[in-house]
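A.B. asks: Please see the structure below; I have some questions.
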Amino acid sequence: MTNAIEVPLVIRGEIFSGQSHFAGRRGNEGFVTADVRDHLTALPLAQPSQLADLYDLKFDDILDYCARLGERLVLDRNDNLRRAFALSKQTSGLSDSILEAQYRSIPFFFARDAVREAAELSVGIDYLEGWVPQPSDPALPTRTKIRAFGARAVHIIAGNAPAIAINTIVRNAYTRSDAIIKTPSNDPLTATAVAMTMVEMDPTHPLSRHLTVAYWKGGDEEIESYLYDPRRIEKIIAWGGFASVKHVTRYLQPGIDLITLDPKQSGTIIGAEAFADDQALDDVATRLALDVGSLNQEACVNARVIYVASGTNEDGLRRAGELGERAFRAMQNLPSTISTPHKAIDVSLREEVDGLRFASNEYQLIGGRGDEGAVIVSLTDAPVDFASSLMGRVMNIVPVDDVETAVRSTTSYTQTVGVYPDSLKEALRDRLAFHGAQRVVSLGTAVPIVMRSGPHDGIEPVRRMCKWLTDETTDAAPLLQRARANLVEPAQ
């Protein structure tokens, strides 16, 4: 415990220390933090009306605050972020060079133009700023206006990339919401580091006073039965798998909206055009390396199974193998800020990959000797039976005679599909949507530099994080006149 890093508890502009020890991931010493039970009643807003101070702010005030905060979130000058980076190097699946690039990008999330664009694209600034008149029939007596209000929410965030914590804080600011962020054990300090910087900058500012960042072990009934109550919160935004969401659902009741951002699988469809010539094949191989290797394949958006319209005859298998060789080489040459050999390959996955060396009549294995990643080329039109476990820069190329095989493999668990060429993407996108795909992109662009605004996992999460209110103004006189005309005197 002597090497455990301290993770303070931040509640509405105040910072608390403690000595409750929690084990970290990947064999590190873990961290210590305050016991949330000792501060439980301080976590939620005492009254919903306390959101009002956020509505004394103009949108430009929010932009000013975010810009000032971003200037303080420079890794070389911020002790809070440096401690978060040090802990993440122990707990994260990302390599140190990738993590460093992520932490150095944090100020860009808070830049005025970035926040303005995110708010406009995800909600609409007019709706965040005031009541927006809606089109109506001039002959009708009702005029309608709509506004998006912030909500009291618990965010159960994932820790596979620091951007999730950062984006949550930015979204909470521009929607004028109140957030309790439950941090994950593989990134317990990034959101805390930003919240501490907010306190140091201005502890009494409404945006500082409407952010709480805490760690507790998921499933703690004492904490969660108190928090997950419609008298205290209105929204739960949960990133994570079946286990992390299941214990939340027991507390759901009218008045609480659960927004889930589930783990997904992403893949690739490559048309026959990839084999037009060497230049095209090299281009496709580099694009494929980016979609698989970025963030060391730790994200849902990373490709895992790659369907290739190479054909399944002898020449087709040779073409698929050649693409695999080139993609593997391209992956080894990616910049270290984007991708590196994985630092903690799953033992069971390594065993599965090693086992394929004894099935050369079914698979061609490229790489996979150490942590450099691997390309598994199926010699049939079927993926490996452990395809859902692929990570650490391990891809499975599956040759097919017809891209319809790839379309039919798409399910509601499919998030992103990278497609080459773009003409094929446009031809397939509607049918991919019917089968369950939630994002269709040009090959090589599956992993965004920053988290884009807009739809995610088939929903618009930021719009759902808001409360949408309607104001209707109606000339009641004609309605009353008709009602009086239809009144019938009761029988004497």
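A.B. asks: Pick from Ile306, Ile270, Ile233: which is modelled with pLDDT of 95 or more and closer than 30 Å to Pro48 by Cβ?
C.D. replies: Values: Ile306 fails: closer than 30 Å to Pro48 by Cβ; Ile270 fails: closer than 30 Å to Pro48 by Cβ.
Within the list Ile306, Ile270, Ile233, the selection yields Ile233.
A.B. asks: If Thr473 satisfies every condition in (1) out of contact with any Ser or Thr (no Cβ under 8 Å at 6 or more places or on another chain); (2) more than 30 Å from Pro341 (Cα to Cα) but one, which is the exception?
C.D. replies: Going through the list (1) out of contact with any Ser or Thr (no Cβ under 8 Å at 6 or more places or on another chain); (2) more than 30 Å from Pro341 (Cα to Cα), Thr473 breaks only (1).
A.B. asks: Among the numbered conditions (1) touching a strand residue (DSSP E or B) at 6+ places or on another chain (Cβ under 8 Å); (2) crowded, with 19+ Cβ neighbours inside 10 Å; (3) of a type outside the set (Ser, Thr, Tyr), tell me where Ile223 comes up short.
C.D. replies: Result: Ile223 fails condition (1) only.
A.B. asks: Which of the residues that make up the range 41-78 are touching a helix residue (DSSP H, G or I) at 6+ places or on another chain (Cβ under 6 Å) and exposed (fewer than 11 other Cβ atoms within 10 Å of the Cβ)?
C.D. replies: none
A.B. asks: Which numbered condition in (1) crowded, with 18+ Cβ neighbours inside 10 Å; (2) within 30 Å of Asn78 (Cβ to Cβ) is the only one that Tyr228 fails?
C.D. replies: Evaluating Tyr228 over (1) crowded, with 18+ Cβ neighbours inside 10 Å; (2) within 30 Å of Asn78 (Cβ to Cβ) leaves (2) as the failure.
A.B. asks: Show the residue pairs meeting these rules: Cβ distance below 6 Å; 6+ apart or different chains; first residue within the range 201-227 and hydrophobic (A, V, I, L, M, F, W, C); second residue in a loop (DSSP other than H, G, I, E, B) and crowded, with 20+ Cβ neighbours inside 10 Å.
C.D. replies: Ile223/Trp216
A.B. asks: Might you let me know whether the range 380-390 holds any residue that is touching a Leu at 6+ places or on another chain (Cβ under 6 Å) and at negative phi? Can you show your working first?
C.D. replies: Residues of the range 380-390 touching a Leu at 6+ places or on another chain (Cβ under 6 Å): 389.
Applying the additional criterion that residues be at negative phi yields 389.
Yes, the conditions are met somewhere in the range 380-390.
A.B. asks: Given the condition in contact (Cβ under 8 Å) with a residue 40 or more places away in the chain, in contact with a helix residue (DSSP H, G or I) (Cβ under 7 Å, 6 or more places away or on another chain) and of a type in the set (Asp, Glu), answer yes or no: does some residue in the range 230-238 qualify?
C.D. replies: Narrowing the range 230-238 to residues in contact (Cβ under 8 Å) with a residue 40 or more places away in the chain: 232-238.
Filter once more, so that each one left must be in contact with a helix residue (DSSP H, G or I) (Cβ under 7 Å, 6 or more places away or on another chain): 233, 235-238.
Applying the additional criterion that residues be of a type in the set (Asp, Glu) yields none.
Within the range 230-238 (the criterion being in contact (Cβ under 8 Å) with a residue 40 or more places away in the chain, in contact with a helix residue (DSSP H, G or I) (Cβ under 7 Å, 6 or more places away or on another chain) and of a type in the set (Asp, Glu)), the answer is no, since none of the residues qualifies.
A.B. asks: Quick check: is even one residue across the range 420-430 out of contact with any helix residue (DSSP H, G or I) (no Cβ under 7 Å at 6 or more places or on another chain) and modelled with pLDDT under 95?
C.D. replies: Within the range 420-430, the subset out of contact with any helix residue (DSSP H, G or I) (no Cβ under 7 Å at 6 or more places or on another chain) is 422-427, 429-430.
Still in the list and also modelled with pLDDT under 95: none.
Checking the range 420-430: not a single residue is out of contact with any helix residue (DSSP H, G or I) (no Cβ under 7 Å at 6 or more places or on another chain) and modelled with pLDDT under 95.
A.B. asks: Taking the options Glu120, Glu100, name whichever one is surrounded by fewer than 21 Cβ atoms within 10 Å (Cβ to Cβ), among the acidic types (Asp, Glu) and within 28 Å of Ala52 (Cα to Cα). Spell out how you get there, then give the answer.
C.D. replies: On the way: Glu100 fails: within 28 Å of Ala52 (Cα to Cα).
Checking each option against the conditions leaves just Glu120.
A.B. asks: How do the pairs read when you match residues in the range 422-438 that are assigned by TED's automatic domain parsing to the domain that holds Ala303 with residues anywhere that are surrounded by fewer than 15 Cβ atoms within 10 Å (Cβ to Cβ) and among the hydrophobic types (A, V, I, L, M, F, W, C), using Cβ under 7 Å and keeping only pairs 6 or more apart or on different chains?
C.D. replies: The qualifying pairs do not exist here.
A.B. asks: Just checking, how many residues over the range 249-298 are over 26 Å from Pro448 (Cα atoms) and touching a Phe, Trp or Tyr at 6+ places or on another chain (Cβ under 7 Å)?
C.D. replies: Of the residues in that region, 2 qualify.
A.B. asks: Let me ask you something else. Only residues that are of a type in the set (A, V, I, L, M), farther than 17 Å from Arg393 by Cα and crowded, with 24+ Cβ neighbours inside 10 Å: list them for the range 310-328, please. Walk me through it before giving the result.
C.D. replies: If we filter the range 310-328 for residues that are of a type in the set (A, V, I, L, M), which is where we start, we get 317, 320, 323, 327.
Filter once more, so that each one left must be farther than 17 Å from Arg393 by Cα: 317, 320.
Scanning the range 310-328 gives a single hit, Ala320.
A.B. asks: Moving on. Scan the strands (runs of 3 or more DSSP E) fully inside the range 4-65 and keep the ones with 2 or more residues being modelled with pLDDT of 95 or more.
C.D. replies: On the way: elements: 9-11, 14-16, 20-22, 31-33.
In the range 4-65, 9-11, 14-16 are the strands (runs of 3 or more DSSP E) which contain 2 or more residues that are modelled with pLDDT of 95 or more.
A.B. asks: Which residue out of Leu99, Leu140, Leu94 is within 26 Å of Asn302 (Cβ to Cβ) and modelled with pLDDT under 95? Let's see the steps before the verdict.
C.D. replies: Details: Leu99 fails: modelled with pLDDT under 95; Leu140 fails: within 26 Å of Asn302 (Cβ to Cβ).
It is Leu94.
A.B. asks: Go through the range 285-299 residue by residue and tally those that are more than 18 Å from Ser92 (Cα to Cα), of a type outside the set (A, V, I, L, M, F, W, C) and touching a helix residue (DSSP H, G or I) at 6+ places or on another chain (Cβ under 7 Å).
C.D. replies: Adding up the residues that qualify gives 1.
The values are calculated or read from the model by the stated rules, or taken from the named source; none is laboratory data. Please read these numbers as outputs of a predicted model, since none were measured by experiment. Using ideal geometry, Cβ is built from the backbone for each residue, glycine included, and neighbour counts are taken over all protein chains shown.
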